[in-house]
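Student: What follows is a structure written as structure tokens; I'll ask about it next.
The values are calculated or read from the model by the stated rules, or taken from the named source; none is laboratory data. Just so it is clear, the structure is predicted and the values come from calculations on it, not from any experiment. Heads up, the Cβs are rebuilt from the backbone with ideal geometry, glycines too, and the neighbour counts pull from every protein chain shown.
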Amino acid sequence: ELRASAGRVVLVTPRLATLKALDAGISQAGVVPESSPLLEPGCGLSDPAAAGPVSGTGGFLYDGGTVCYRPPGTTAGLLAGTADGGLTVLGSTALLNNGGLGSHGHAALALRTLGSSGDLVWYLPGLADAAASRSTKTLDELAPDWVAFLGPWLVFVAGLAIVWRGRRLGPLVFEPLPVVVKAVETAEGRARLYQDSHALDRARDNLRAGTLVRLAQALRLGSQATADDVAAAAARHLGRAATDVTGLIQEQPRTATRLVQWSQELDKLENEVRTR
């Protein structure tokens with residue numbers, strides 16, 4: 001519509017979709033090589049010929065129609081126009097901005113390209129240009145026709161399933177809290193966890209720590225007593241060599257069988273300390 005109502009249309013770095021919509025035979029062809037910072041007109045159009053060379057830095061190339069400002073070795077150029085002159089494509093915004101107008105033939109090319117008629121309309125497309133008929137469709141419009149029948153049916157089936165499962169499970173059972181768990185049950189549970197995970201080192205350390213705490217209490221040692229202090233006190237209490245008691249407490253079982261035997265020996269040691 002814009003092209004039909006305008007005598008001449010100038011596009012600055014248009015995208016592929018815009019060029020396809022105009023269907024003028026002009027297409028994108030890449031970017032200007034860095035090796036070609038300055039481009040000569042190299043075409044028969046009067047406006048580029050009068051303007052002279054322009055900068056190609058950061059510009060885009062277009063192919064189709066009459067092409068000007070071509071880098072060496074390519075048929076595409078920085079400027080392309082239709083044969084009737086109704087559409088011109090510029091591949092660089094530097095040709096029109098204030099910072100580049102004073103360079104080379106930028107000002108001349110801009111004036112001759114945009115000032116060929118008495119009226120100039122500078123148009124920037126935006127979201128407000130979208131037609132009202134292209135509004136987003138609602139969910140009802142996107143859904144197929146059979147959803148109107150299937151939706152209520154699914155709700156009905158889900159309701160039946162809720163009633164069926166609710167009656168089957170019965171009412172909730174409330175249990176008074178807190179729940180008292182026997183110490184032996186927690187000990188056995190932790191032991192099974194250690195066994196399943198093969199955590200011999202963790203079980204060994206817990207057994208040793210528990211034995212030292214109980215021996216210290218039985219021997220009435222302070223909370224600051226170390227493992228060596230507890231072993232020495234137990235040895236004196238039993239009349240045994242300190243190295244024997246220390247070796248037993250500090251042993252590092254490597255197998256589950258030895259761990260069980262070691263725990264029994266520790267239990268025997270505790271019983272001897274308590275009974276003597």
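Student: Is it the case, given these coordinates, that THR211 is closer than 30 Å to GLU270 by Cα, part of a helix (DSSP H, G or I) and under 48 Å from the mean Cα position of the chain (by Cα)? Give the steps one after another, and end with the answer.
Tutor: Working: closer than 30 Å to GLU270 by Cα: yes; part of a helix (DSSP H, G or I): yes; under 48 Å from the mean Cα position of the chain (by Cα): no.
So THR211 fails the test.
Student: So, one more: Could you please give the count of residues in region 13-33 that are out of contact with any helix residue (DSSP H, G or I) (no Cβ under 9 Å at 6 or more places or on another chain) and over 15 Å from ALA76 (Cβ atoms)?
Tutor: 6
Student: Oh, and also: Whether any residue in region 147-168 is in contact (Cβ under 8 Å) with a residue 40 or more places away in the chain and either of a type in the set (A, V, I, L, M) or outside the structural domain of ASN271 (by TED's automatic domain parsing) (or both) is what I want to check. Talk me through it step by step, then tell me what you get.
Tutor: So the first thing to find is which residues in region 147-168 are in contact (Cβ under 8 Å) with a residue 40 or more places away in the chain, and the list is none.
No.
Student: Could you tell me how many of the residues in region 65-75 are out of contact with any Cys (no Cβ under 9 Å at 6 or more places or on another chain) and within 13 Å of GLY25 (Cβ to Cβ)?
Tutor: 1
Student: Hey, another quick one. Exactly one of these conditions fails for TRP122: (1) within 30 Å of LEU87 (Cβ to Cβ); (2) surrounded by 10 or more Cβ atoms within 10 Å (Cβ to Cβ); (3) at pLDDT 70 or above. Give me its number.
Tutor: Of the numbered conditions (1) within 30 Å of LEU87 (Cβ to Cβ); (2) surrounded by 10 or more Cβ atoms within 10 Å (Cβ to Cβ); (3) at pLDDT 70 or above, the odd one out for TRP122 is (2).
Student: A further question on this structure: Scan region 238-252 residue by residue and report those that are surrounded by 14 or more Cβ atoms within 10 Å (Cβ to Cβ) and within 13 Å of THR211 (Cβ to Cβ).
Tutor: VAL245, THR246, LEU248, ILE249, GLU251
Student: In addition: Within region 70-129, can you find the residues that are of a type in the set (A, V, I, L, M) and under 43 Å from the mean Cα position of the chain (by Cα)?
Tutor: Let us first name the residues in region 70-129 that are of a type in the set (A, V, I, L, M), namely 76, 78-80, 83, 87, 89-90, 94-96, 101, 107-111, 114, 120-121, 124, 127-128.
Within region 70-129, ALA76, LEU78, LEU79, ALA80, VAL89, LEU90, ALA94, LEU95, LEU96, LEU124, LEU127, ALA128 meet the criteria.
Student: Under the condition of being over 39 Å from the mean Cα position of the chain (by Cα) and not in a loop (DSSP other than H, G, I, E, B), which residue from region 57-69 is nearest to THR13 (Cα to Cα)?
Tutor: Applying the filter and picking the extreme gives ASP63.
Student: Might you let me know whether region 34-48 holds any residue that is surrounded by fewer than 19 Cβ atoms within 10 Å (Cβ to Cβ) and in contact with a helix residue (DSSP H, G or I) (Cβ under 7 Å, 6 or more places away or on another chain)?
Tutor: No.
Student: Another question about this same structure. Based on what the data block shows, is LEU221 more than 60 Å from the chain's Cα centre (by Cα), in the same structural domain as GLU188 (by TED's automatic domain parsing) and either among the small types (Gly, Ala, Ser) or surrounded by 13 or more Cβ atoms within 10 Å (Cβ to Cβ) (or both)? Please lay out each step first, then the result.
Tutor: Working: more than 60 Å from the chain's Cα centre (by Cα): no; in the same structural domain as GLU188 (by TED's automatic domain parsing): yes; either among the small types (Gly, Ala, Ser) or surrounded by 13 or more Cβ atoms within 10 Å (Cβ to Cβ) (or both): yes.
Judged against the criteria, LEU221 is not a match.
Student: Could you list, in sequence order, all residues of region 84-101 that are surrounded by fewer than 17 Cβ atoms within 10 Å (Cβ to Cβ) and either at pLDDT 85 or above or closer than 23 Å to VAL31 by Cα (or both)?
Tutor: Taking region 84-101 and keeping what is surrounded by fewer than 17 Cβ atoms within 10 Å (Cβ to Cβ), we get 84-86, 93, 97-99, 101.
Correct list: THR93, ASN97, ASN98, GLY99, LEU101.
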